[in-house]
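Student: Pasting in a structure now, in structure tokens, and then I'll have a few things to ask.
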Amino acid sequence: MITRTIQLTYEHRVIFTRSIFDPANPVLRDLIATARGTGRHPVKTLLVVDQGLATADPLLEERIARYAEAHREVIGFTGAPLLLPGGEACKNDWSLVERIWQRIHADGICRHSFVIAAGGGALLDLTGFAATTAHRGIRHIRLPTTTLSQGDGGVGVKNGVNYFGKKNWVGTFAIPHAVVNDLDFLRLLPPPQRRAGIIEAIKVSLIRDRSLFETMEAMSGSLAQLEEQALETVIRRSAELHMNHIALGGDPFELGSARPLDFGHWSAHKLEQISGFRLGHGEAVAIGMAVDLIYAHRLGLLSAEDEQRALSLIRAVGFDLHAPELTIRQNGELVIVRGLEEFREHLGGELTITLVTGIGRAVEVHEMDTTVLSQVLDELTVRFGSAQAGPVSASRVA
Ligand SMILES: NC(=O)c1ccc[n+]([C@@H]2O[C@H](COP(=O)([O-])OP(=O)(O)OC[C@H]3O[C@@H](n4cnc5c(N)ncnc54)[C@H](O)[C@@H]3O)[C@@H](O)[C@H]2O)c1
Ligand SMILES: [Zn+2]
């Protein structure tokens, strides 16, 4: 046997800025100038833009053109941006992967070039996948433009599209050259989508960071109003905690079965699906977290006080804790419970569910008692079935 150790060191960086395509903003230019080393030529760069973003910001393309002109000595944009539809549908359309490859091929983009993606998490996953598979991996820069992607998915190291009807079935792990969070883009989002990212921040605070949870409690009024400064504070900390998990958690490429950042997600994914995507990801995660918080309390893992506090914060920032789809049955069986097996399949290996044991603390369990789960769903219906989002009352069912 011949063995050699290969050690690679990566810098994972997320930069916060505003007006990324203002010619006076040095962020992208500096990122690319540093990467070009001593070379004197502009670095070939393909920019892929989410059509939903371009529609919400009709002046975006014009700004990009002015920006490209101002920095043409460093960034060699290969023509106009490639505009592609965003949203989950783009990850179901393999022809879009080929369209990105086509441009990479036609523009002569190579491993010394860059692909930049600006858009929601779905467009970033699609473009990252196309970039990291072409020529065995072209450097890519992510510009997430939703609250969800700026504080959560967009700052990660995963790319992928859906295949065989399964989410993220084909994809890559690749550390982006950089992630740039331009907070100005968030102003363009409709309120439910601006709110969606808050739930991922509550999620990560519940499993990892009591002080973020308390900050969010103190700011819950401003968060409910979607005030910019409050959003910015939680996105920053949420992004930081995600990066800590990737860089310091010991499993950046997810070889193990544990996925703590998927707390509350096993039922959320199923809820999104059985609601026919009436519920957005954030709304489904809010309910999914409520399910697992009440479950943990019923098992004696979480105190009534902490359960109440967590549910209160979720509602105070504007999320409902119930959906009628929760209790749909087929052949007498709760459909939502199938989410457990699908989650196990998705992670591979042993079923691993993260449960909160106190604000900022979590454990992993490897089975869920479906009788208790069924009681939890009934409890959610009784406590929150007809309630609007707002503070949680103390009424409980036995
Ligand atoms: N790679 C990862 O680690 C990871 C982690 C979590 C989630 N994800 C993925 O992220 C995706 C969800 O991302 P998302 O929540 O950002 O939503 P999204 O990408 O589905 O975008 C939602 C909609 O908003 C539009 N849009 C984007 N930016 C906008 C803006 N600033 N103003 C107005 N409209 C805008 C898009 O065109 C789209 O129609 C899912 O596919 C999920 O699987 C990936
Ligand atoms: Zn999520």
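Student: Which residues' amide hydrogens lie under 5 Å from the amide hydrogen of residue 74, considering only partners 5 or more residues apart or on another chain, with H built in the peptide plane?
Tutor: none
Student: So, one more: When the chain is fully extended, how far beyond the present Cα-Cα distance does residue 170 get from residue 363, taking 0.36 nm per residue of separation? Walk me through the intermediate numbers first.
Tutor: Values: separation 193, 0.36 × 193 = 69.48 nm, distance 2.95 nm.
Stretched out fully, the residue 170 to residue 363 stretch lengthens by 66.5 nm.
Student: At residue 338 and residue 16, where each label point lies 7 Å from the Cα along Cα→Cβ, what is the point-to-point distance in nanometres?
Tutor: Label at residue 338, label at residue 16, 4.2 nm between them.
Student: In the chain, what percentage of the DSSP-assigned beta bridges are antiparallel, given to the nearest 5? It would help to have the intermediate numbers written out before the result.
Tutor: Details: 12 of 35 bridges.
Bridges in the chain are about 35 percent antiparallel.
Student: When only Cα pairs under 8 Å and 6 or more residues apart are kept, what is the percent relative contact order across segment 311-370?
Tutor: Values: 41 pairs, mean separation 10.2, N = 60.
With pairs under 8 Å counted, the relative contact order is 17 percent.
Student: Another one. How big is the antiparallel share of DSSP beta bridges in segment 89-247, given as a percent to the nearest 5? Walk me through the numbers on the way to the answer.
Tutor: Numbers: 5 of 13 bridges.
Close to 40 percent.
Student: Once amide H atoms are built 1.01 Å from N in the peptide plane, which residues 5 or more positions from residue 15, or in another chain, come under 5 Å H to H?
Tutor: 179, 180, 181
Student: Could you please rank 257, 95, 113, placing first whichever residue has the fewest other Cβ atoms within 10 Å of its Cβ? Intermediate results must be reported in sequence, preceding the final value.
Tutor: Details: 257 15, 95 7, 113 23.
With the sparsest Cβ surroundings first, the list reads 95, 257, 113.
Student: Let me ask something else. Stick to Cα atoms and the Kirkwood definition of Rh, then tell me Rg/Rh for segment 243-398.
Tutor: On the way: Rg = 15.1 Å, Rh = 15.9 Å.
Using Cα coordinates only, the ratio equals 0.95.
Student: A follow-up question, please. Quick check: net charge around residue 122, other residues with Cβ under 10 Å of its Cβ, Lys/Arg +1 and Asp/Glu -1? Write out the running numbers ahead of the final one.
Tutor: Details: positive: 91; negative: 50, 88, 125.
Result for the local shell: -2.
Student: For residue 98 and residue 62 in one chain, what is 0.36 nm times their gap in residues minus the Cα-Cα distance, to one decimal in nm?
Tutor: Details: separation 36, 0.36 × 36 = 12.96 nm, distance 2.62 nm.
Separation in residues times 0.36 nm, less the Cα-Cα distance, equals 10.3 nm.
Student: Next up: Could you derive backbone 3J(HN,Hα) for segment 210-219 from the dihedral phi with the Karplus parameters 6.51, -1.76 and 1.60 (θ = phi - 60°), listing whole Hz in sequence and x where the residue is Gly or Pro?
Tutor: Each residue of segment 210-219 in turn: 4, 5, 5, 4, 5, 4, 5, 4, 5, 9 Hz.
Student: Would you please give the FRET efficiency between residue 188 and residue 4, computed as 1/(1 + (r/R0)^6) with r the Cβ-Cβ distance and R0 = 51 Å, to the nearest 0.05?
Tutor: Values: r = 50 Å, r/R0 = 0.97.
Efficiency computed from Cβ-Cβ geometry: 0.55.
Student: Search the structure for amide H atoms under 5 Å from the amide H of residue 170, placed 1.01 Å from N in the peptide plane, and list their residues when 5 or more places away or on another chain.
Tutor: 161, 163
Student: So what is the calculated 222 nm ellipticity per residue for the chain, using -39500 (n - 2.57) for each DSSP H run with n of 4 or more, over all residues, to the nearest 500 deg cm²/dmol?
Tutor: Working: 15 runs with 176 residues, N = 398.
Taking each H run of at least 4 residues, the total per residue is -13500 deg cm²/dmol.
Student: I've got another one for you. Fewest to most neighbouring Cβ within 10 Å: what's the order for 32, 6?
Tutor: So the residues, fewest neighbours to most, are 6, 32.
Student: Straight distance only, please: which lysines reach the Cα of residue 270 with their own Cα at less than 29 Å, same-chain residues fewer than 8 apart left out?
Tutor: Result set, ordered by chain and number: 91, 158, 166, 167, 203.
Student: Using θ = phi - 60° and the Karplus form 6.51 cos²θ - 1.76 cosθ + 1.60, what ³J(HN,Hα) does each residue of segment 34-47 get, whole Hz, x for Gly and Pro?
Tutor: 5, 6, 6, x, 8, x, 9, 7, x, 8, 4, 9, 9, 10
Student: Pop out the ³J(HN,Hα) list for segment 279-290 in order, Karplus 6.51 cos²θ - 1.76 cosθ + 1.60 with θ = phi - 60°, rounded to Hz; leave Gly and Pro as x.
Tutor: 8, x, 4, x, 4, 5, 5, 4, 6, x, 5, 4
Student: Can you list the residues of segment 186-228 with backbone N under 16 Å from a point 7 Å past the Cα of residue 244, pointing along Cα to Cβ?
Tutor: Inside the label zone: 201-216.
Student: Using Cα centres only, tell me the gap between segment 139-212 and segment 311-363 in whole Å.
Tutor: Spelled out, the Cα-based centre of one part sits 20 Å from the other.
Student: Under 8 Å for C-alpha pairs, at least 6 residues apart: give me the relative contact order for the chain, rounded to a whole percent.
Tutor: About 13 percent, as a whole number.
Student: Take every Cα pair under 8 Å in segment 14-188 that's 6+ residues apart, average their separations, divide by the length, and report that relative contact order as a whole percent. Before the final figure, lay out each step's value.
Tutor: Details: 338 pairs, mean separation 43.8, N = 175.
Value for segment 14-188: 25 percent.
Student: Exposure proxy check: 9, 55 ranked by fewest other beta carbons within 10 Å?
Tutor: On the way: 9 4, 55 12.
The fewest-first ordering by Cβ neighbours comes to 9, 55.
Student: R0 = 25 Å: FRET efficiency of residue 371 with residue 257, Cβ-based, nearest 0.05? Before the final figure, lay out the partial values.
Tutor: Details: r = 24 Å, r/R0 = 0.97.
Efficiency at R0 = 25 Å is approximately 0.55.
Student: Can you give the FRET efficiency to the nearest 0.05 for residue 111 and residue 382, using r as the Cβ-Cβ distance and R₀ = 56 Å?
Tutor: Details: r = 58 Å, r/R0 = 1.04.
Given R0 = 56 Å and the Cβ-Cβ separation, E is 0.45.
Readers should treat all values here as calculations from the given coordinates under stated rules, not as data from a laboratory. Computed from a prediction, not measured in an experiment: that's the story for all the values here. Quick reminder, even Gly has a Cβ in these numbers, built from the backbone with ideal geometry, and neighbours come from all protein chains shown.
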